[in-house]
1. Computed over the Cα atoms of the chain, what is the convex hull's projected area averaged over all directions, in nm²?
2. How would T11, T49, T104 line up from fewest to most surrounding beta-carbon atoms within 10 angstrom?
3. Please list, in chain and number order, the residues 5+ apart from M82 or on another chain whose amide H is under 5 Å from its amide H, with Hs placed from the backbone.
4. Provide the FRET efficiency to the nearest 0.05 for the L97-Q33 pair, computing r from the beta carbons and using R0 = 22 Å.
5. Over the range 20-105, what is the relative contact order in whole percent, taking alpha-carbon pairs under 8 Å and six or more residues apart?
6. Going 7 Å from the Cα of R69 toward and past its Cβ, which residues in the range 19-56 have a backbone nitrogen under 12 Å from where you end up?
Amino acid sequence: MSDHPALFDRTSVRWGLRGDPVLWEALQIHFDQSGLPDSSAAFETALTTRIEGLIGCSLADAPQRIPVRAFFSENGGMSSGMVDRDVWRDSLIPLLLGRYRDRTSTH
């Protein structure tokens, strides 16, 4: 169970491809184990660094559909293991950053 459930709450999250929720879960596990940084800027850096480490490339240079071998499953269909760059850049990263800021402004 996450020490910061509101940050990784899946309510109202819209995925682009089947690998997106797998990446989300990997991020949640990472931050559960490592803890959250003390500032918004440090969280943004840590989040981006971890995402790029998991997907194996820079978000700036990534194709729109990023194949992540570790996320593929035999029963997942054609988009299994695929991460949607635009969904992460335009929606999910800003969502997590906003939730982080909301969380720290109330503590």
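Taken together, the values in this text are just the output of simple stated rules run on the coordinates, not laboratory data. Not measured: the values here are computed from a predicted model. Cβ sites come from the backbone with ideal geometry, for glycine too, and all protein chains shown count toward neighbours.
1. Details: hull surface 27.4 nm².
Taking the Cα atoms of the chain, their convex hull projects to 6.9 nm² on average.
2. Numbers: T11 5, T49 10, T104 13.
The most exposed by this proxy come first: T11, T49, T104.
3. Excluding prolines and chain starts, which carry no amide H, the hits are R18, G19, V68.
4. Working: r = 20 Å, r/R0 = 0.91.
Using R0 = 22 Å, I get an efficiency of 0.65.
5. Working: 60 pairs, mean separation 24.8, N = 86.
Result for the range 20-105 is 29 percent.
6. Answer for this model: 56.
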